[in-house]
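Participant: I have a structure I would like to understand better, so I am pasting it below and will then ask my questions one at a time.
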Amino acid sequence: MNLKELVTQNRSYRRFHEDVSIELETLRQLVDLARLSASGANKQPLKYILSCDPEKNALIFLQLGWAAYLKDWPGPSEGERPSGYIIILGDKNISNSFGVDPGIAAQSILLGATERGLGGCIIATIRKDDLREGLGISDQYEILFVLALGKPKEKVEIEAVGPDGGIKYWRDDEGVHHVPKRSLDEIIVG
Ligand SMILES: Cc1cc2nc3c(=O)[nH]c(=O)nc-3n(C[C@H](O)[C@H](O)[C@H](O)COP(=O)(O)O)c2cc1C
């Protein structure tokens, strides 16, 4: 896959083959891609928690919010949940602001996942206090994002934003997830 194909295939996936497990070593390799990525002032304040164990996964899953535009969908059902997670933390002993570092790290990790035939979703809707308590995360760390990972079980298609300008993703009757993207001409303004 060339870079455009990789970026195009790297959609937000929210339904997975939960029975396809992810090795801890794979999660470590994905974090290594984040480690090699750009960091403001090269402070490298991000730290990570890895999970590929069903019990820990279940604990993390409970604290996440899924696809806010899909009002009738509470999130992936049992059997379609992520097989692994990478929690991105900011180490407050290193910095008190983390800028765009977590976004860059998340994209590197998700591109690496896509390259391996996996997929995932950046989750910012997190019950952070409950997650902190459940996993015993020290106050030294700010919880920034949870990356849900697994073998995708859904088809995601990119659509052009229509004349009404709607950007909300939707699912059709076959369960295909559609994501509107603005055109190149709309976003290049000068
Ligand atoms: C910063 C950020 C936070 C996000 N938080 C959530 C979230 O809490 N829950 C969720 O289901 N998706 C979340 N997403 C995924 C977006 O909904 C998704 O990127 C968007 O619908 C476009 O789809 P695409 O990633 O396939 O292009 C988040 C994405 C980003 C970049």
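The values are calculated or read from the model by the stated rules, or taken from the named source; none is laboratory data. As the structure is a computational prediction, the values presented were derived from the model and not from experiment. No Cβ is skipped: glycine too gets one built from the backbone with ideal geometry, and neighbour counts run over all protein chains shown.
Participant: Look at GLU154 and say whether it is of a type outside the set (S, T, N, Q), in a loop (DSSP other than H, G, I, E, B) and in contact with a strand residue (DSSP E or B) (Cβ under 9 Å, 6 or more places away or on another chain).
Facilitator: yes
Participant: OK, next. Quick check on this structure: which one of GLY103, GLY119, GLY75 is crowded, with 21+ Cβ neighbours inside 10 Å and either over 21 Å from GLU154 (Cβ atoms) or within 16 Å of the ligand (Cβ to nearest atom) (or both)?
Facilitator: Going through GLY103, GLY119, GLY75 in turn, just one is crowded, with 21+ Cβ neighbours inside 10 Å and either over 21 Å from GLU154 (Cβ atoms) or within 16 Å of the ligand (Cβ to nearest atom) (or both): GLY119.
Participant: With respect to SER95, is the statement that it is at pLDDT 95 or above, closer than 20 Å to ILE49 by Cβ, of a type in the set (Ser, Thr, Tyr) and more than 14 Å from the chain's Cα centre (by Cα) true?
Facilitator: Yes, satisfied.
Participant: Next up: How about segment 1-24: which of its residues are outside any loop (DSSP other than H, G, I, E, B) and under 14 Å from ALA113 (Cα atoms)?
Facilitator: If the condition is that a residue be outside any loop (DSSP other than H, G, I, E, B) and under 14 Å from ALA113 (Cα atoms), then LEU3, GLU5, LEU6, VAL7, THR8, GLN9, SER12, PHE16, LEU24 are the ones that fit.
Participant: Among the numbered conditions (1) over 22 Å from GLY134 (Cα atoms); (2) within 16 Å of the ligand (Cβ to nearest atom); (3) surrounded by 14 or more Cβ atoms within 10 Å (Cβ to Cβ), tell me where SER39 comes up short.
Facilitator: Going through the list (1) over 22 Å from GLY134 (Cα atoms); (2) within 16 Å of the ligand (Cβ to nearest atom); (3) surrounded by 14 or more Cβ atoms within 10 Å (Cβ to Cβ), SER39 breaks only (2).
Participant: Still on this structure, please answer the following. Residues in segment 36-77 that are over 13 Å from LEU149 (Cα atoms), part of a helix (DSSP H, G or I) and either at pLDDT below 95 or in contact with a helix residue (DSSP H, G or I) (Cβ under 8 Å, 6 or more places away or on another chain) (or both): how many?
Facilitator: Summing the residues that are over 13 Å from LEU149 (Cα atoms), part of a helix (DSSP H, G or I) and either at pLDDT below 95 or in contact with a helix residue (DSSP H, G or I) (Cβ under 8 Å, 6 or more places away or on another chain) (or both) in segment 36-77 gives 3.
Participant: Just to be sure I understand, how many residues within segment 78-93 are more than 16 Å from the ligand (Cβ to nearest atom) and part of a strand (DSSP E or B)?
Facilitator: Selection size over segment 78-93: 2.
Participant: Name the single residue, out of those in segment 128-148 being in a loop (DSSP other than H, G, I, E, B) and in contact with a helix residue (DSSP H, G or I) (Cβ under 9 Å, 6 or more places away or on another chain), that is surrounded by the fewest Cβ atoms within 10 Å (Cβ to Cβ).
Facilitator: Top of the filtered list is ASP139.
Participant: Something else: Just to be sure before I move on: is THR8 in contact (Cβ under 8 Å) with a residue 24 or more places away in the chain and farther than 25 Å from GLU174 by Cα in the structure I sent?
Facilitator: Spelling it out, it is not the case that THR8 is in contact (Cβ under 8 Å) with a residue 24 or more places away in the chain and farther than 25 Å from GLU174 by Cα.
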